[in-house]
Amino acid sequence: MSVQTTYDKGELRIALNGEIDHHSAKTAMNEISDAIDQKLPRNCVLDLMGVNFTDSSGIAVLLRTQKKIHELDGEFSVENVRAQPSKVFKAANVGIMVAIKEYK
Amino acid sequence: MMKAENYIKIEFPSLSVNESFARNAAAVFAAQLDPTLDEIGDIKTAVSEAVTNCIVHAYPNEIGNIQLRCRLFGKNTLEIVVRDWGVGIEDVEKAMEPLFTTGGDERSGMGFSMMEGFTDSLKVRSVPGKGTTVTMKKRISSRARR
């Protein structure tokens with residue numbers, strides 16, 4: 001699992017690559033938290049283009065990232081969600097809490 | 001009772017790095033049933049949840065053993081058993097409720113819901129102090145019916 005961040009004009013883009021599970025989520029969440037604390041973005045996009053697998057650990061990553069951004073009064077959304085992660089997020093109804101765009 | 005045609009039995013320590021190994025081992029074993037990508041995703045998700053439960057909950061303060069067994073029944077059924085010898089679950093019904101977790105905000109409380117939703121049957125047997133056995137069955141659609 002790798003975490004790449006880019007920042008431009010108040011928007012922090014966080015691109016995850018690899019499989020999200022309980023093992024990889026711990027380090028990913030620490031890196032995401034550090035990036036948010038450094039940039040204090042107004043808008044944050046989590047790009048899951050490179051994520052082909054997640055288990056329910058990914059749900060906690062989405063919710064914790066959103067919580068951190070909302071504490072800064074920022075906007076949060078998730079983009080490029082592929083089929084398997086999408087199925088996991090839908091099973092947990094994450095879409096009612098988080099703005100999610102699927103990969104087209 | 002149907003005869004089991006092929007099986008694997010793997011035992012490994014409850015190190016979180018083994019979550020990926022376990023789900024991928026189950027997926028590779030299941031490949032002989034010619035599953036769809038969607039079905040492989042379901043198997044990987046269910047195994048990942050079951051093994052994570054062992055690592056986080058069964059052995060909270062120590063490293064213990066986890067056993068993964070996969071068996072094929074007939075041409076289209078995979079049975080997955082994930083077993084530990086950890087602390088066990090006091091109230092299985094409560095543990096299986098969506099969003100219930102004792103794992104703090106790192107966990108979503110959706111583990112058992114995922115196992116249930118992504119397989120065709122889920123059974124959980126647990127004895128406090130002795131361990132937990134999770135048994136899941138997943139039917140794989142035959143290529144002709146796709």
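The values are calculated or read from the model by the stated rules, or taken from the named source; none is laboratory data. Bear in mind the structure is a predicted one, so any value in this text is a computation, not a measurement. Reconstructed Cβ throughout: ideal geometry from the backbone, glycine too, with neighbour counts over all protein chains shown.
Worth pointing out:
- Selection status of A:GLN84, surrounded by 16 or more Cβ atoms within 10 Å (Cβ to Cβ) and either of a type outside the set (S, T, N, Q) or in contact with a helix residue (DSSP H, G or I) (Cβ under 6 Å, 6 or more places away or on another chain) (or both): yes
- Breaking point among (1) surrounded by 14 or more Cβ atoms within 10 Å (Cβ to Cβ); (2) part of a loop (DSSP other than H, G, I, E, B); (3) among the acidic types (Asp, Glu), for A:GLU31: (2)
- Selection from the range A:1-35 of residues that are away from every other protein chain (no Cβ under 14 Å) and hydrophobic (A, V, I, L, M, F, W, C): A:VAL3, A:LEU12, A:ILE14, A:ALA15, A:LEU16, A:ALA35
- For the range A:68-89, a residue qualifies if it is charged (D, E, K, R) and touching a strand residue (DSSP E or B) at 6+ places or on another chain (Cβ under 9 Å), and the qualifying residues are A:LYS68, A:GLU75, A:GLU79, A:ARG82.
- Selection from the range B:123-146 of residues that are touching a residue at least 40 places away in the same chain (Cβ under 8 Å) and among the hydrophobic types (A, V, I, L, M, F, W, C): B:VAL134, B:MET136, B:ILE140
- A:MET49 satisfies every condition listed in (1) within 21 Å of B:ASP105 (Cα to Cα); (2) touching a Phe, Trp or Tyr at 6+ places or on another chain (Cβ under 7 Å) except (1).
- Looking only at the range A:15-26, residues that are in a helix (DSSP H, G or I) and at pLDDT 95 or above come to 4 in all.
- Hits in the range B:47-67 - residues which are more than 9 Å from chain A (Cβ to nearest Cβ) and among the small types (Gly, Ala, Ser): B:ALA50, B:ALA58, B:GLY64
- Neighbours by Cβ (under 7 Å, 6+ apart or cross-chain): first from the range B:20-36, free of Cβ contacts under 8 Å to residues at least 40 places away in the same chain; second in a loop (DSSP other than H, G, I, E, B) and crowded, with 19+ Cβ neighbours inside 10 Å: B:SER20/A:ASP21
- Residues in the range A:48-65 that are surrounded by fewer than 21 Cβ atoms within 10 Å (Cβ to Cβ) and closer than 17 Å to A:GLU11 by Cβ: A:MET49 only.
- Strands (runs of 3 or more DSSP E) (entirely within the range B:66-146) containing at least 2 residues that are surrounded by 22 or more Cβ atoms within 10 Å (Cβ to Cβ) and touching a Cys at 6+ places or on another chain (Cβ under 8 Å): B:77-84
- The range B:68-111, subset more than 14 Å from chain A (Cβ to nearest Cβ) and among the basic types (Lys, Arg), residue farthest from A:ARG64 (Cα to Cα): B:LYS75
- B:VAL17 meets each of the listed conditions (1) under 25 Å from B:TRP85 (Cα atoms); (2) of a type outside the set (Gly, Ala, Ser); (3) surrounded by 14 or more Cβ atoms within 10 Å (Cβ to Cβ) apart from (3).
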